[in-house]
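Taking it in order: structure first as structure tokens, then the write-up.
The values are calculated or read from the model by the stated rules, or taken from the named source; none is laboratory data. For clarity, every value in this text was computed on a predicted model and none was experimentally measured. Every residue, glycine among them, receives a Cβ derived from its backbone with ideal geometry; neighbour counts consider all protein chains shown. Protein only, heavy atoms only, side chains kept; ligands, DNA and RNA dropped before computing areas. Shrake-Rupley method; radii C 1.70, N 1.55, O 1.52, S 1.80 Å.
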Amino acid sequence: MQEYVKGKPIFTSINSINKQYQYLTEDLETDVVIVGGGVTGSICSYYMSKNNIKSVQIEKGRIAHGSTSVTTSLLQYELDENASDLTESINPKDIVRAYELGLYALKEIEKFVDEHGNKCDYIKRDTLLYTAKKLEKNSIEEEYKFRKENGFDVEYIEESSNPYGFNLKAGLLSKEGGAEIDPYKYTNHLLEVSMKNGALVYENTEAEKIEYLNDGVIVHTSYGYKIKAKKLIVATGYNTRLFTNKNFGTKYNTFNIATKPVKEIRGWKEGVLIRDNSDPYNYLRTTKDNRLIIGGEDVEFKEIENKDMASEKYSILEQRLKSMFKDINDIEIEYKYCGCFETTKDNLGYIGPDKKHNNLWYCLGYGANGILFAILGAMMLSKLYYNEKDEDMRLFNVDRFDN
Ligand SMILES: Cc1cc2nc3c(=O)[nH]c(=O)nc-3n(C[C@H](O)[C@H](O)[C@H](O)COP(=O)(O)OP(=O)(O)OC[C@H]3O[C@@H](n4cnc5c(N)ncnc54)[C@H](O)[C@@H]3O)c2cc1C
């Protein structure tokens, strides 16, 4: 268990095959070294190997046991906040582009599953943004209009035509606007494919010191072995201190509970991915084996150590789940866990080179769309390796908030 995660996460617990990787026992030279063995680093390994770029990925603990072990893995093209709440930090045209890129990243996951098989319980889903408060109807309607006018496949749901079992005053349904996966299985499958294509992956191998050269980097790892590479991709999630003192965003702690499999999922039409319009919001999904997951109740990150607060939050989430789905009468909570996540002013992550060290590149999926941003990042960085700059990388520029 790592410093940014607490409790007993569902995905590393329900998967009986806990895959192990070797640790580094020799010096290596490669094109790209990827530091971080979560879903982001593994997506980077996949896209590097797909584009014939030699890579070595290292993880200080175990692969997929950081934030990746607790992510709810709701994959949605929309951002954390509604477009109208974001206009101070990002212009509407760029919000539309970010939504389009989210849809593009979703298609990439589908392509991976089509090409290599569905070993990660991938299911394409509609997504629902809703409110149970009359006062927030306008906000949902405004977001609906914004998306409709910009060509997204959305439907407005009135209280009178609510097809769900829970109280809804207004809703915005995005057709095929999302997907769900098992993040532990997905990460390991990405690595299985990448390693077949020549990628090298090591766990229990920490990057301890970085030496910056004119033509690359040398990563000094635990036990003394070195990796020389032309580029280094930082995929360390919410811990970037080894590389920079920069504060990229604001850290929060978010809470999740997951039930035992229930007999029948009533009142939850077609396993839609659900998010409410509250601040902070609640988010819900089902799993392939009929479990229900609800998350939210975010607090400042420092509260991660506060056990009393955690049990209070888990209990609020349990009550909310039970009151939303009164017709499911065998709800029994099996997993309770929480973890760090980081948001940015414009809800977008960071992709691209460091200002000072041009061989140091970031792929940081901050915001609620971490996994989708990681896909975009890995694709953009594999192009950048060949000196081809992706136009959309400007949206994720590492220095965009610097004065
Ligand atoms: C409760 C919760 C729910 C979430 N729900 C969603 C969601 O629904 N959808 C979504 O897209 N995102 C969600 N997120 C965010 C999500 O967790 C991330 O998008 C994603 O899992 C991050 O993966 P990562 O690989 O970037 O980070 P991590 O999985 O944390 O991987 C980074 C890895 O880097 C390693 N590392 C750090 N320093 C070093 C070093 N010096 N040397 C070697 N290795 C190092 C760490 O050990 C760690 O394993 C959620 C987060 C939480 C906490």
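Things to note:
- Packing-based order for 145-151, 13-19, 62-68, using average beta carbon neighbours within 10 Å, highest first: 62-68, 145-151, 13-19
- Rounded percent of accessible protein surface that carbon and sulfur make up, the stretch 249-403, 1.4 Å probe: 44 percent
- Lysine pairs in the stretch 65-160 with Cα atoms under 22 Å, if 8 or more residues apart or on separate chains: 14
- Of Gly295, Ile17, His357, farthest towards positive along the dipole that unit charges on Lys, Arg, Asp, Glu beta carbons give the chain: Ile17
- Computed over protein heavy atoms with a 1.4 Å probe, the accessible surface of the chain works out to 44 Å² per residue.
- Lys/Arg +1, Asp/Glu -1 at C-beta; the chain dipole; positive extreme among Asn138, Thr72, Thr205: Thr205
- Among Leu376, Leu213, Leu75, the residue with the largest mean-square fluctuation in a Gaussian network model of the chain, with springs joining Cα atoms closer than 10 Å, is Leu213.
- Gain upon complete extension [Asp27, His220; 0.36 nm per residue less C-alpha separation]: 68.5 nm
- Partners for Lys356 among lysines (Cα-Cα distance below 26 Å; same-chain residues under 8 apart left out): Lys54, Lys60, Lys209, Lys226, Lys228, Lys230, Lys231, Lys246, Lys251, Lys345, Lys383, Lys389
- Helix 137-149 and the longest principal axis of the C-alpha atoms of the chain enclose an angle of approximately 60°.
- The stretch 1-85, accessible surface, carbon-and-sulfur percent (1.4 angstrom probe): 43 percent
- The charge dipole of the chain, taken about its Cα centre with unit charges on the Cβ of Lys, Arg, Asp and Glu (plus for the first two, minus for the last two), comes to roughly 560 debye.
- Mean separation of Cα contacts under 8 Å, 6 or more apart, over the residue count of the chain: relative contact order %: 24 percent
- Remark: the Glu88-Asp399 segment gains 110.2 nm on full extension, using 0.36 nm per residue and subtracting the alpha carbon distance.
- Charge dipole magnitude, Cβ of K and R +1, D and E -1 - the stretch 285-403, Cα centre, debye nearest 20: 220 debye
- Virtual paramagnetic centre 7 Å along Cα→Cβ of Lys134, amide N under 17 Å, in the stretch 162-192: 167-171
- Here the contact order of the stretch 166-252, divided by its residue count and restricted to Cα pairs under 8 Å and six or more residues apart, works out to 14 percent.
- Each other residue within a Cβ distance under 15 Å of Lys6 adds +1 if Lys or Arg and -1 if Asp or Glu, for a net charge of -2.
- The dipole here belongs to the stretch 232-322: it is taken about the Cα centre, uses +1 on the Cβ of Lys and Arg and -1 on the Cβ of Asp and Glu, and is about 360 debye.
- Ordering of 331-337, 307-313, 284-290 by burial proxy (mean other Cβ atoms within 10 Å per residue, highest first): 284-290, 331-337, 307-313
- Helix axis angle, 307-324 relative to the chain longest principal axis, alpha carbon, degrees: 50 degrees
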